[in-house]
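The values are calculated or read from the model by the stated rules, or taken from the named source; none is laboratory data. As the structure is a prediction and not an experimental result, all values here were calculated from the model. When we count neighbours, we look across all protein chains shown, and the Cβ atoms used for this are built from the backbone with ideal geometry, even at glycine. Remember, those area values only see protein heavy atoms, side chains included, never the ligands or the DNA or RNA. Shrake-Rupley method; radii C 1.70, N 1.55, O 1.52, S 1.80 Å.
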Amino acid sequence: MNPTPKDAQLAVNCVLAEVNKEHEAAYRVIFEAVKICVASGMKRREAAKFLGVQARRIDRRGQYFRSLLATRNLFHGALNAGGGSSAAAVEVEAVVRRAWKR
């Protein structure tokens with residue numbers, strides 16, 4: 001069964017209740033949700049308003065982009081990760097699965 005825009009909206013709300021918008025898990029969920037909404041025929045601004053995200057972070061092709069803060073945190077974490085990166089990746093996957101109820 002393919003997720004609907006309503007499922008995408010619920011997933012975004014679920015992940016944002018757990019983590020902030022700059023978190024990697026939130027980015028992954030919002031990215032997929034935007035793709036689902038655009039594929040269902042929504043325009044960029046409609047999808048952004050429906051999901052509760054900024055329209056300027058969605059490009060013309062319907063892709064959601066990280067904020068500068070999230071990008072900085074992503075690279076900062078990758079450069080300074082000693083051995084905890086796999087634990088962080090598992091945590092991110094767990095948050096994404098909970099958001100999509102998989």
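Please enumerate the residues belonging to segment 4-25 that are crowded, with 17+ Cβ neighbours inside 10 Å and touching a residue at least 40 places away in the same chain (Cβ under 8 Å). Of everything in segment 4-25, those that are crowded, with 17+ Cβ neighbours inside 10 Å and touching a residue at least 40 places away in the same chain (Cβ under 8 Å) turn out to be P5, A8, Q9, A11, V12, V15, V19, K21, H23, E24, A25. Annotation note: of V19, V53, the sole residue that is out of contact with any Leu (no Cβ under 6 Å at 6 or more places or on another chain) and within 16 Å of Y64 (Cα to Cα) is V53. Criterion applied to V34, V38 was being open to solvent by 40 Å² or more (accessible area, probe 1.4 Å), under 19 Å from N2 (Cα atoms) and at pLDDT 90 or above, and the one residue passing it is V38.
Applying the criterion of being closer than 17 Å to V19 by Cβ, open to solvent by 50 Å² or more (accessible area, probe 1.4 Å) and not in a helix (DSSP H, G or I) to the residues of segment 55-101, the residue that is modelled with the lowest pLDDT is R66.
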